[in-house]
Structure formats: C-alpha cells, structure tokens
Amino acid sequence: MALPPLPVVKGRYVSGRNLQVARKHLSAHLKYAQYRKRGEHESKEDRYLFSQDHDRVDRKEAVQEVMEHTSRSVSYHKIIFSPSEQERIEDFRQWVRDQMRELQERKGVRLHWYALVHAHDREQTNEPHVHVVLAGAGEDVQTGERTTVRMEKEDYAFLREQGREQGNFVFYHELETAVQNLDAHDTLGHEHPIPAFPSRSDERHEDAGKAH
C-alpha cells in the first residue's frame, strides 16, 4: 500500500529584537486569521483559538501568554499545518495537538502555543489548514529552566511525518479494501437466487387441482 503524500508543514519565526513590534504583529495576525471570511461550512465557533488543553481561548490572553515566553532571538514561530488531499482528518484540533505533543517530547521543552482552523477553500487545495503560533521560549522538562525554542529543518520534517502518522489514511484505506473484498465474494444474489414464496392465489389453484 502506497502511503499518501506528506502533509505540508511550513513556518517562519519573528525576531525577538523588538518585542513591541512583535506583539503588534502577533495581535494583528491572530485577529486576521480569526475574522477573515469564513468558508461555506464554517461557523463562528470553528474559528475559536485553541491550545493543547483548551478548546476556546481569548485572543488577548493568547497574545499575552506568547509574549511572556519570548527569547532574545525568537519572539514566536508562525506555522501552518495542511494535510495531503488523500488524508481524512476528522478532528483537526486533535490532529495538531498530537503533533505538537510529539514535538514537545522530541525537544524536551514545554511548549506554549495557540492555533485555529481554517476550513475554507484556498489556493491549490480544498483541504482545511491550521495556523499555529508557537512561543519562542519554553521550560526544559528536566530542569525547568527557560530555554529558546528553535524550529530547525529537521523539526519540520518530523512534523510532516507525524502529521501523516496521526492521520486516518491507513484506516480508511484498509476499510475500503475490506468492503471491496466483501463485495467481490458476495455472489449469493447472482449464483444462488432465493426462491420466491408462493402467493395465496397459487396455493388456492393448487388445492383446487387436488380436489379434481
């Protein structure tokens, strides 16, 4: 079985040199992402910010939390997650949470991040995508010390692999194959037709024949 293409996971970071400008850009970025035109099947609730532990986060609180966890070199990272067209993601929030949890374990740093789902059409794909803002600093899970969160090329490659692993392609492919196999072996209707039950009129004609 051929695996689907890897998800698209790309990002850029905002420098930590000017925190006032970084805060302004972060607030504008989240506001734009939250209030831009919704897709046909989107509701207002679909655009709520979420985190690892919460389904609904106030935008100002998210900005404050991120800006409290900046480093000298990185204020925050802006990351986009988008599954391949063959993937069937049932819960985009959980899909991203699973990947960010794996990233946290990989780095050994407690990550501070917030995200929201865009389910409208976009250029070159009709699949939804998720915007994530990851703070530029976190706490070492062993020592508790504050440390810079850097996103290297290998980290993005890791997230792509995790995105495919956390998807449902294999499940639905195996389910579809099983259904096709059942259909192929279901020949009862073609080779062994079920006999029709006699009608009441047929039974009366048969009884009349016996009487004669």
- Query: Working out 0.36 nm times the residue gap between ARG47 and GLU105, then minus their Cα-Cα distance, what length gain in nm do you get to one decimal?
  - Reply: 18.1 nm
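Greater than 32 Å separation of Cα atoms is the criterion. Which listed pairs, LYS10/LYS31; LYS24/LYS107; LYS31/LYS107, meet it? Before the final figure, lay out each step's value.
Values: LYS10/LYS31 20 Å; LYS24/LYS107 28 Å; LYS31/LYS107 29 Å.
With Cα atoms farther than 32 Å apart: none of LYS10/LYS31; LYS24/LYS107; LYS31/LYS107.
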- Task: Starting from the exponent 0.38 and prefactor 2.2 Å, build the expected Rg for the stretch 47-130 from its residue count and divide its actual Cα Rg by it.
- Result: 1.17
- Listing THR147, THR70 from the residue with the fewest other Cβ atoms within 10 Å to the one with the most, what is the order? THR147, THR70
- Which value in nm describes the separation of the simple spin-label points at GLN34 and GLU90, placed 7 Å from the Cα toward the beta carbon? 3.0
- Query: HN-Hα J couplings of the stretch 20-27 from phi, Karplus 6.51/-1.76/1.60, θ = phi - 60°, integer Hz, Gly and Pro as x?
  - Reply: 5, 5, 4, 4, 4, 5, 5, 4
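Hey, could you grab the Kirkwood Rh for the stretch 8-168? Inverse mean 1/r over distinct alpha carbon pairs, Å, one decimal.
Details: mean 1/r = 0.0625 Å⁻¹.
Over the stretch 8-168, the inverse of the mean reciprocal pair distance is 16.0 Å.
Each reported figure results from applying straightforward, stated rules to the coordinates on display, with no laboratory input. Predicted model, so just to flag it, every value in this text is computed and none were measured. FYI the Cβ positions are ideal-geometry reconstructions off the backbone, even for glycines, and counts take in every protein chain you see.
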